[in-house]
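Below is one structure, written out as structure tokens; the observations come after it.
The values are calculated or read from the model by the stated rules, or taken from the named source; none is laboratory data. Remember, predicted model here, so these are calculated numbers, not experimental data. Glycine gets a Cβ as well: all are built from the backbone with ideal geometry, and neighbour counts include every protein chain shown.
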């Protein structure tokens, strides 16, 4: 293993600089290392790691400097061994034909318990690559396992790294953290930051364009969902409905509604105003404020709907009264893919939009 790299904190005198809003050359506020919807090791094969440099990438592009919420990262040369930590960062290099030497094992939505979500497994099969080393992050980042993969760069643009996590990982290899806040990096920015870090910025932009086209074509076939005010209800305890919890527009699940032509209810905007956090909670006694919510998306099953309809307060929500509810099995791939990631979006898009369309038919105009 190697714990010998020291990141340069001064801006490179030459090369590419990717500066994100809120980035700092020193350190940012520490984030949470857990995510309610995110996250067995497999043998490593060095041949499974494709070079991170493409035919369009020249050595003159380096060093690359990336500013982020936890500091400034300098990548001196085109990385050949790419590792990723936390949720879905591995999907960026995979989508661009680069197989990581190590990545986080999937524990949420992994219905066959092989540590891989189906869209990741399909991509590995398409590339003819064996499964990389899978890091068990059940109890946090396995720093020893990451070090053992001997990476040249560690991608974590969408993550919950704390400053301590970042500092420890930086002893192994240059680390690219989130641009602004933990667990809040939109899928486009995840692609932009991670692809730039491996010298594939142009390919990353092309990937974004392809996904956007897929979204546009799918949504165009469902005009009835346009403009529907949609809330992602979360953390619902059917035995105690005294509070209403929801994802804010800072969370990628709720943020994805905009991509689908949906809107964020003004009530959700107001309930989380002035705070950069990915979820909020109000008392059920204030539920009338959500009268502008036309569609509810939530993890759950028919038991959840029954409980909401039986509750004297929550049953007054128009979306509940109209059965305009999209139920996502929380432990299934489709439930997991509601959190948009580079490979998951197209994999789940049609099914997800179909479910939203069904709810839209029942919603108020």
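At-a-glance table
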| quantity | calculated |
| --- | --- |
| Qualifying residue in the stretch 96-112 (condition: modelled with pLDDT under 90, touching a strand residue (DSSP E or B) at 6+ places or on another chain (Cβ under 7 Å) and within 20 Å of residue 342 (Cβ to Cβ)) | no |
| Hey, residue 169 more than 21 Å from residue 260 (Cα to Cα) and touching a strand residue (DSSP E or B) at 6+ places or on another chain (Cβ under 6 Å) or not | yes |
| Residue selected from the stretch 254-278 under the condition buried (at least 19 other Cβ atoms within 10 Å of the Cβ) and under 16 Å from the mean Cα position of the chain (by Cα), by the criterion farthest from residue 338 (Cα to Cα) | 278 |
| Filtered residue count, the stretch 240-253, keeping only those that are surrounded by fewer than 18 Cβ atoms within 10 Å (Cβ to Cβ), part of a strand (DSSP E or B) and in contact with a helix residue (DSSP H, G or I) (Cβ under 9 Å, 6 or more places away or on another chain) | 1 |
| Residue list for the stretch 197-234, filter: part of a helix (DSSP H, G or I), out of contact with any helix residue (DSSP H, G or I) (no Cβ under 7 Å at 6 or more places or on another chain) and surrounded by 21 or more Cβ atoms within 10 Å (Cβ to Cβ) | 197 |
| Boolean, residue 303 is loosely packed, with under 13 Cβ neighbours inside 10 Å and farther than 22 Å from residue 364 by Cβ | yes |
| Any hit, the stretch 323-333, residues being over 27 Å from the mean Cα position of the chain (by Cα), modelled with pLDDT of 95 or more and surrounded by fewer than 20 Cβ atoms within 10 Å (Cβ to Cβ) | yes |
| Within the stretch 103-115, tally of residues that are touching a helix residue (DSSP H, G or I) at 6+ places or on another chain (Cβ under 9 Å) and surrounded by fewer than 22 Cβ atoms within 10 Å (Cβ to Cβ) | 5 |
| The stretch 115-130: number of residues that are part of a loop (DSSP other than H, G, I, E, B) and in contact with a strand residue (DSSP E or B) (Cβ under 9 Å, 6 or more places away or on another chain) | 2 |
| Test result for residue 237, surrounded by fewer than 18 Cβ atoms within 10 Å (Cβ to Cβ), on the phi < 0 side of the Ramachandran plot and part of a loop (DSSP other than H, G, I, E, B) | yes |
| Residues (closer than 14 Å to residue 174 by Cβ and surrounded by fewer than 23 Cβ atoms within 10 Å (Cβ to Cβ)) located in the stretch 137-161 | 147, 150, 152 |
| Candidate set: the stretch 76-92, residues that are surrounded by 24 or more Cβ atoms within 10 Å (Cβ to Cβ) and assigned to a loop (DSSP other than H, G, I, E, B); chosen: the one modelled with the lowest pLDDT | 87 |
| Which numbered condition residue 364 misses (of (1) more than 30 Å from residue 122 (Cβ to Cβ); (2) touching a helix residue (DSSP H, G or I) at 6+ places or on another chain (Cβ under 9 Å); (3) buried (at least 17 other Cβ atoms within 10 Å of the Cβ)) | (3) |
| The stretch 171-188, residues that are assigned to a helix (DSSP H, G or I) and surrounded by fewer than 19 Cβ atoms within 10 Å (Cβ to Cβ) | 188 |
